[in-house]
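One structure is given here, and the rest of the page talks about it.
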Amino acid sequence: MAKKLSTFGSGPLIFLWVLPYLLAAGWIDRLYPALFSVNAIPFDAARYGALILAAAGAFFYSMTIRRLLRGLRETRLITDGPYGWSRNPLYAAFFVFFIPAIALAMRSWLVLTTCVVFYGAFRVTIGREEKEMTEHFGDEYRRYCARTSLLFPLPPKK
């Protein structure tokens with residue numbers, strides 16, 4: 001019988017780094033708004049932009065979760081939908097949609113720097129997940145890696 005894949009992957013470790021930073025950045029931004037706020041963006045534009053980003057992220061995330069749960073249940077490699085654009089679309093949803101939406105809603109460039117922390121935590125922790133996938137799916141996963149972006153959603157390479 002094939003070894004069961006881990007359900008949570010690198011997510012908990014990434015968020016152990018990112019969540020405290022995001023909360024601290026938001027708190028510091030509110031303490032010193034003159035230093036970190038982007039007032040050039042009108043309040044309403046920022047609010048609607050944040051809503052659009054958050055809605056797009058929620059859609060992308062929900063499509064990903066459905067496929068992930070199916071893949072875990074069937075113990076097979078999922079390469080369609082969001083997984084056709086990114087090997088890590090759950091993380092991409094936070095990096096591309098949710099963190100920028102929070103930063104835009106707060107009109108804070110400091111909060112946006114959370115993406116840098118997120119990316120660093122992702123790069124440090126993702127190796128274990130990639131190794132597990134390679135061990136489990138072998139050449140099928142290697143071929144998938146060759147055509148699919150690690151994080152940022154991009155059209156697959158031919």
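Nothing in this text is a laboratory measurement; each read-out follows from the coordinates by a stated rule. Quantities reported herein were computed from a predicted structural model and do not represent experimental measurements. All Cβ positions, even for glycine, are placed from backbone atoms using ideal geometry, and neighbour counts span all protein chains on display.
Overview of results
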quantity: Rel. contact order, % - alpha carbon contacts under 8 angstrom, at least six apart, the chain; calculated: 35 percent
quantity: Chain lengthening between Asp44 and Tyr32 when straightened (0.36 nm per residue, less Cα-Cα); calculated: 2.2 nm
quantity: Estimated inter-spin distance, Glu130 and Arg147, nm [label 7 Å along Cα→Cβ]; calculated: 2.0 nm
quantity: Sites matching trypsin sites (Lys or Arg not before Pro) across segment 1-95 that sit in DSSP coil, with at most 15 neighbouring C-beta atoms within 10 Å; calculated: Lys3, Lys4, Arg76
quantity: CD proxy at 222 nm, helix term only [per DSSP H run n ≥ 4: -39500 (n - 2.57); per residue of the chain; nearest 500]; calculated: -21500 deg cm²/dmol
quantity: Inverse of mean 1/r across different Cα pairs in the chain, Kirkwood, Å; calculated: 16.8 Å
quantity: Furthest towards positive pole of dipole, Leu51, Trp109, Gly84, structure part the chain, Cβ charges; calculated: Gly84
quantity: Unit charges on C-beta of K, R, D, E only; dipole of segment 43-147, Debye; calculated: 80 debye
quantity: Scaled radius of gyration (Cα, divided by 2.2 N^0.38 Å) that segment 103-158 gives; calculated: 1.51
